[in-house]
Amino acid sequence: MSIPVLICDDSSFARKQVQRAMPPDWDVEITFASNGEEALAAIKAGRGEVVFLDLTMPVMDGYQTLERIKEQDLPAMVIVISGDIQPEAVARVKRMGAIDFIKKPVDATSLKNVLAAYGLYTE
């Protein structure tokens with residue numbers, strides 16, 4: 001059964017890049033969102049069991065989105081993908097409920113390792 005995966009980034013190029021980095025044999029159904037409001041709607045609709053979330057976006061940024069996911073107790077495993085790799089940003093998103101953090105641009109090996117670490121993907 002496919003895992004509903006949501007890729008949320010305001011850049012369509014970045015969304016496609018994350019999609020291309022995913023293991024080709026990972027059974028997923030992908031939904032895209034360009035901001036946090038769209039992401040929350042998709043999660044509530046059951047299309048974001050696993051969420052790849054950018055931090056810097058218009059309308060509602062990644063921090064605000066994580067806050068709402070936590071407040072509303074939404075069923076989403078969030079992996080933040082960002083170019084902001086400052087230790088304080090990484091620590092903050094983990095405190096807010098993200099399970100992990102991947103630096104942009106995402107490479108296939110890093111993504112596969114994170115997915116495997118949380119039992120989301122096995123070869």
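Bear in mind these aren't lab numbers, they're just calculated from the coordinates by the rules spelled out. Keep in mind the model is a prediction, meaning the values are calculated, not measured. Cβ placement follows ideal geometry from the backbone for every residue including glycine, while neighbour counts extend to all protein chains displayed.
Most simply put, segment 3-117 has about 0% antiparallel DSSP beta bridges, counting only bridges with both residues inside it. Looking at (i) 14.7; (ii) 16.2; (iii) 14.1, which value of Kirkwood radius over Cα pairs in Å comes from a calculation on the structure shown? So the structure-derived entry is (iii). Taking a point 7 Å from the Cα of SER11 along the Cα-to-Cβ direction, the residues of segment 75-118 with backbone N closer than 14 Å to it are 81-85, 103-107. Given +1 at the Cβ of Lys and Arg, -1 at the Cβ of Asp and Glu and no other charges, the dipole of the chain around its Cα centre is 140 debye to the nearest 20.
Computed from the C-beta positions of GLU71 and TYR118, the FRET efficiency with R₀ = 22 Å rounds to 0.45. Here the Karplus relation 6.51 cos²θ - 1.76 cosθ + 1.60, evaluated at θ = phi - 60°, turns the backbone of segment 65-82 into coupling constants of 5, 4, 4, 5, 4, 5, 4, 8, 6, 7, x, 9, 9, 9, 10, 7, 10, 8 Hz, with x for every Gly and Pro.
Distant-in-sequence amide contacts of ALA33, defined by a placed amide H-H separation under 5 Å and a gap of 5 or more residues or a different chain, comprise ILE7, CYS8, ASP9.
Distances between placed amide hydrogens fall under 5 Å for MET22 paired with no residue 5 or more residues away or on another chain. The relative contact order of the chain, computed from alpha carbon pairs under 8 Å that lie at least 6 residues apart in sequence, is 24 percent.
With contributions of -39500 (n - 2.57) from each DSSP H run of at least four residues, the per-residue ellipticity at 222 nm computed over the chain stands at -11500 deg cm²/dmol.
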